[in-house]
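Report on the following structure.
The values are calculated or read from the model by the stated rules, or taken from the named source; none is laboratory data. This one's a predicted model, so the numbers in the text were calculated from it and none came from an experiment. All Cβ positions, even for glycine, are placed from backbone atoms using ideal geometry, and neighbour counts span all protein chains on display. Heavy atoms of the whole protein, side chains included, go into the accessibility calculation; ligands, DNA and RNA do not. Shrake-Rupley method; radii C 1.70, N 1.55, O 1.52, S 1.80 Å.
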Amino acid sequence: QVQLVESGGGLVQTGGSLRLSCAASGRTFNYAMGWFRQAPGKERELVGATISSGSSTYYADSVKGRFTISRSNDKNTLYIQMNSLIPEDTAVYYCAAARKLHSIVALTPDYWGQGTQVTVSS
């Protein structure tokens, strides 16, 4: 069983930065992991994902070049550095883990975090 706890959300102005963390309770070194977000009235969407080694990452077009995902398997922690934030990035951000990357991409991961709110003011 894996439990995921996100932290680092908050209120930031347009153009600002935030770094979210996702701490896993169990060993996730062999899990693919990803970040999702859900804005009010919208469906949950995949922001980005990384394979178990962290050597390869995927980003949604909307965040490419602004967001960077990294992971520390020693610390069982996933990160997302978010720069040049815009109001459209406002959402609840969720961390997720899956035994296979396909499950992340299909929005059906094995485990979800509880989410952390990110609000970008204009």
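Restricting the GluC sites (Glu not before Pro) of the stretch 37-122 to loop positions (DSSP other than H, G, I, E, B) with no more than 15 neighbouring Cβ atoms within 10 Å leaves E43. Only one residue of N30, A49, V63 has its Cα farthest out toward the positive end of the dipole of the chain, where Lys and Arg carry +1 and Asp and Glu -1 on Cβ, and that residue is N30. Solvent-accessible surface of the chain, taken per residue with a 1.4 Å probe and all protein chains present: 51 Å². Loop-resident trypsin sites (Lys or Arg not before Pro) (DSSP state other than H, G, I, E or B) in the stretch 1-106 with no more than 12 further Cβ atoms inside 10 Å of their Cβ: R27, K42, K64, K75. Ordered from highest to lowest accessible area with the whole protein assembly present and a 1.4 Å probe, D110, D61, D89 read as D61, D110, D89.
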